[in-house]
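The values are calculated or read from the model by the stated rules, or taken from the named source; none is laboratory data. All values derive from a computational prediction rather than experimental measurement. Because the Cβ atoms are built from the backbone with ideal geometry, glycine has one as well, and the counts that use them run over all protein chains shown. Only protein heavy atoms, including side chains, enter the accessible area calculation; ligands, DNA and RNA are left aside. Shrake-Rupley method; radii C 1.70, N 1.55, O 1.52, S 1.80 Å.
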Amino acid sequence: MKKDNSKNIFIVFGTRPEAIKMAPVLKQLQSDCRHFRTTVCVTAQHREMLDQALELYDIKPDYNLNIMERGQSLFEVTTKCLLKIKEVLEKEKTDMLLVQGDTTTAFAASLAAFYFKIPVAHIEAGLRTNDKYQPFPEEINRRLISHIADIHFAPTKKAKQNLLAEGISESRIFVTGNTVIDALQIALKNLKADNTRLKRLDGRFSYVNPESRLILVTAHRRESFGKDIEDICMAIKEIADNNAGVEVVYPVHLNPNVREPVFRILASESLNNPAMSEKRRIHLIEPLDYESFIYLMDRSYLILTDSGGIQEEAPSLGKPVLVMRKTSERTEAVNAGIAKLVGMEKSVIIREVERLLHDREEYKKMALHVNLFGDGTSGEKILEVLTEYFHL
Ligand code: UD1
Ligand code: UDP
């Protein structure tokens, strides 16, 4: 019998954005089954929001660690991930562990691999704000992963420079673009190729008046919990109250620290109730599956968010993004003038949104279509690097 020399790539992820950004890489690796086997391990740090992505990409994990508990702290997430990944790695002969981004799942998985002396490859390496509490705990998660990883897939030249500045060897850094652009292009292609899908989405969001200017909102950062998230909500309320012809769609993250203030301040009647939604101009809805979210991004006039991934996607769709954070690690978008840091202060958020609503010139300057974070071939590039690494 012929010996199987294929390499086992152990892929770990646990949250919505990791699943979206890992899916194109998984697809590439699976397309080369002569050289690679993949073992997919989800920690399920997220549950429902992860399942939406698993379903979309038809990913059936080999291991589901099921660690999510409502409102659990970073201590629980970290220790549960670490101990459960240990159990799995003990069983699986692993040639390389692959993680994405800066979640606690990605950090704990890298640490577990390090303890077993398994090589680690890190997708989306080198993002930095240089402020250890912004974003929290992601800035430290990603720094620690960088010092564990053997291969670094940097999305941009800037990210590569950040890694070099920390003493990471140049021979281990590969600028591949961000895999989220692969995911975005696949989603757009699927949507545009299938008219019934588009019609279904038109129907699903028919409560948004097609004449309205749509502001798409998301917010979930830990460093904004408390007063900042309340301020964000009050700003949204005032923007909707003061600007006729504007509607807000806000898919609310499932974190209880987000949901409590959002529903308290912005009222919950519209959730899952399209009849109520028709009369309202702020639509609070459940987190959306990726394709529906991309459809709404494409329909939006502007995006108000603290999300990392959305800052990367918006330039490819030509949508201005107002970033409700004090710092961003996606300075490429800020420097290109497509993203603007507006912080979390109510008056500033209102002022900046209204500027884009009323000043056409300002709006046009920001609504630029550019692929700043990749060209949709990151998955292919990552496959090439791994093939070379293993001399396959
Ligand atoms: C996590 C990541 C963050 C990433 C974000 C993407 C960490 C520490 N944080 O933050 O980097 O930007 O995901 O969204 O890794 N919940 C559910 N169902 C879900 C998901 C979350 O109920 O499907 C609730 C649970 O109560 C859970 C809480 O949200 O305890 C927080 O989830 P957690 O993964 O700890 O943090 P996020 O804020 O989602
Ligand atoms: N997204 C989604 N549904 C939503 C909101 C966001 O599919 O309701 C997608 C979005 O397009 C991006 C990713 O989820 O690809 C970003 O996730 P999130 O903001 O939770 O995490 P971050 O990028 O900040 O880590």
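Here the accessible area of the chain is 51 percent carbon and sulfur, with a 1.4 angstrom probe and all protein chains present. GNM remark for the chain: springs join alpha carbons under 10 Å apart, and the peak mean-square fluctuation among Ala336, Ala125, Ala19 falls on Ala336.
Loop-only check: which chymotrypsin sites (Phe, Trp or Tyr not before Pro) in the stretch 72-161 are DSSP coil with at most 15 other Cβ within 10 angstrom? The qualifying sites are Phe116, Tyr133.
For the stretch 1-79, GluC sites (Glu not before Pro) meeting the loop criterion (DSSP other than H, G, I, E, B) and having at most 16 other Cβ atoms within 10 Å: Glu69.
Fully extending the segment from Asn5 to Lys60, taken as 0.36 nm per residue of separation minus the present Cα-Cα distance, adds 17.4 nm.
Distance between the 7 Å Cα→Cβ label points at Glu92 and Thr196: 3.6 nm. In angstrom, the C-alpha Rg and Dmax of the stretch 315-356 are 10.2, 29. FRET efficiency for the Ile265 to Arg360 pair, using the beta carbon distance and R₀ = 30 Å, is estimated at 0.45. Under 29 Å between alpha carbons, and skipping anything fewer than 8 positions from Lys93 in its own chain: which lysines qualify? Filter leaves Lys2, Lys3, Lys7, Lys21, Lys27, Lys60, Lys80, Lys84, Lys117, Lys381. Between Gln30 and Phe116, the FRET efficiency from the beta-carbon distance, with R0 = 25 Å, is close to 0.55.
Reducing the stretch 12-34 and the stretch 96-144 to their Cα centroids gives an inter-centroid distance of 17 Å.
Specify which residue in the list Asn371, Val385, Met297 is farthest towards the positive end of the charge dipole of the stretch 273-388, using unit charges on the beta carbon of Lys, Arg (+1) and Asp, Glu (-1), about the Cα centre. So the residue we want is Met297. Full extension of the segment from Asp51 to Glu69, taken as 0.36 nm per residue of separation minus the current Cα-Cα distance, would add 5.0 nm. Note on the stretch 234-356: percent of Cα-Cα distances in each 10 Å bin, starting at 0 and stopping at the bin with the largest distance, equals 12, 43, 39, 6, 0. Helix-only arithmetic for the chain: the sum of -39500 (n - 2.57) across DSSP H runs with n ≥ 4, divided by the residue total, places the mean residue ellipticity at 222 nm at -14500 deg cm²/dmol.
Cross-link partners of Lys227 among lysines, defined as those whose alpha carbon lies under 23 angstrom from its own and excluding same-chain residues fewer than eight positions apart: Lys132, Lys237, Lys326, Lys340, Lys346.
So, R0 is 41 Å and r is the distance between the beta-carbons of Gln161 and His369; what FRET efficiency does that work out to, to 0.05? About 0.95, to the nearest 0.05.
Calculated on the alpha-carbon coordinates, the convex hull of the stretch 62-148 measures out at 95 cubic angstrom per residue. Counting only heavy atoms of the protein chains and using a 1.4 Å probe, Arg360 has close to 130 Å² of accessible surface.
Using heavy atoms of the protein chains and a probe of 1.4 Å, the accessible area assigned to His253 is about 20 Å². Computed from the Kirkwood radius of its Cα pairs, the Stokes-Einstein diffusion coefficient for the stretch 301-375 at 10 °C and 1.306 mPa s stands at 132 µm²/s. For the stretch 19-61, the list of trypsin sites (Lys or Arg not before Pro) that fall in a loop by DSSP and count at most 13 other C-beta atoms within 10 angstrom reads Arg34.
Can you give the Rg to Rh ratio for the chain, taking only C-alpha atoms and Rh from Kirkwood? Result for the chain is an Rg/Rh of 0.97.
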